[in-house]
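The values are calculated or read from the model by the stated rules, or taken from the named source; none is laboratory data. Only a predicted model underlies this, so the values are computations on that prediction, with no experimental measurement involved. So basically every Cβ, Gly included, is an ideal-geometry build from the backbone, and we count neighbours across all protein chains shown. Just the protein is used for accessible areas: all its heavy atoms, side chains included, with ligands, DNA and RNA removed. Shrake-Rupley method; radii C 1.70, N 1.55, O 1.52, S 1.80 Å.
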Amino acid sequence: MSKITIDQLRQVASVAHRREMSDREIEQVARMRADRLALESGPGAAGLLYVSRMASLIDGFPSDIDLMCKNGHLKGAFFRFRDGKWGVDYPVPNRASRFVVSWTTVLEGAMRAMSIDGSHAVLKTVRDHVGWNFETLADDIVAAAAGLHRHSVIGLFGIGHDIGHVFGFRNLDAVAVALAKAAVALDVNLGTPAIPGKADICARLANRIDLPFLEAMIEVGGAKPSVEALFSAVYAHNIRGVEAILSAGVSIGSLGKDGESLLHVAASSAVSERHSDDGIAMMKKLAELGRPLDVVDGNGRTAMDIVKDGIARVQIGELDPELVGQEELEGLVEFLSGFQLKPETRAGV
């Protein structure tokens, strides 16, 4: 009889365990996995990169770190380096709102793992000695990207520009491309929701500030954005994001759940006192891209009707003329009328 490896034994045991699990237990396991992704979609992924950086700076750095910190901000997180990949384990599901990472909490856990007694003064001394320089963290993330677990790659894309906020850098393009390449290598489908019932990652990154991550996901990671992502980009007045999502194959003729078109969404912004200029710019771009102008929403109105109604509201004083310009809206109507007279602009829709 040949020997069986521990991994084979664990696999057999796992299969047997699943067969004995009740539907409720299976549901609980699925929820725990979702909690894990939810945690890693926030500071957990950032903490993972802090640990990755510590490993690159300290010779003999331990491969397993328990970050159960005394202050209660970080609970039940175990950072582990296995098979050349960094990952995070959560034995007990935690609320994401209770999960906070800082260099102090990570360094506390790292020192404890190295059997070094800590205090505030010791933390500062070790930090200075190791050379903890926030200005180099963007390069560290690029270097560490290929060694991250797939959940961590998903999590880091999920927080988008907040990576830069956490680490204090603005070199987002290189980081986004590195993570997209890691996603390809790990066979991560970046166009599907990371957490069941939540918006897909493209939709969460459809705002203007996350544009480098959205573009890298599509161009490098091969993500297939949803119609929801396209509408999110229009809501966010992100013209480049709209173009990137359309280039990935989403139809510009897509409709929302209430029958509204992209132009209806942009028109609502055009007559808004907060976003009028952005809405006007988006409507012009959508018309140029070939968005049909005669689609009616659930209320039987076209996008042009919304703009004309906005002009009337400015005239009677319902809208502040300082924030919603009548001349600008009238110019928009004239601009769109030109497209209505040119059916060829709809080619390819």
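For this structure, a couple of remarks:
- Summed side-chain charge close to D320 - residues other than D320 whose Cβ falls under 15 Å, Lys, Arg +1, Asp, Glu -1: -4
- The portion of the accessible surface of the range 226-295 made up by carbon and sulfur, rounded to a whole percent, is 47 (1.4 Å probe; DNA, RNA and ligands excluded).
- When peptides 273-285, 113-125, 309-321 are sorted by average Cβ neighbour count within 10 Å, with the highest value leading, the order is 273-285, 309-321, 113-125.
- In a fully extended conformation the segment linking Q326 and L57 would gain 90.8 nm over its present Cα-Cα distance, using 0.36 nm per residue.
- With θ taken as phi - 60° and the Karplus curve 6.51 cos²θ - 1.76 cosθ + 1.60 applied, the whole-hertz 3J(HN,Hα) list for the range 235-250 is 4, 8, 6, 9, 5, 5, x, 4, 4, 5, 5, 5, 5, 8, x, 6 Hz, x standing for glycine and proline.
- Pairwise FRET efficiency - D173 versus D294, Cβ, R0 = 41 Å, nearest 0.05: 0.55
- Nearby aspartates and glutamates by direct alpha-carbon distance to K224 (threshold 15 angstrom, same-chain neighbours under 8 apart not counted): D187, D200, E215, E243
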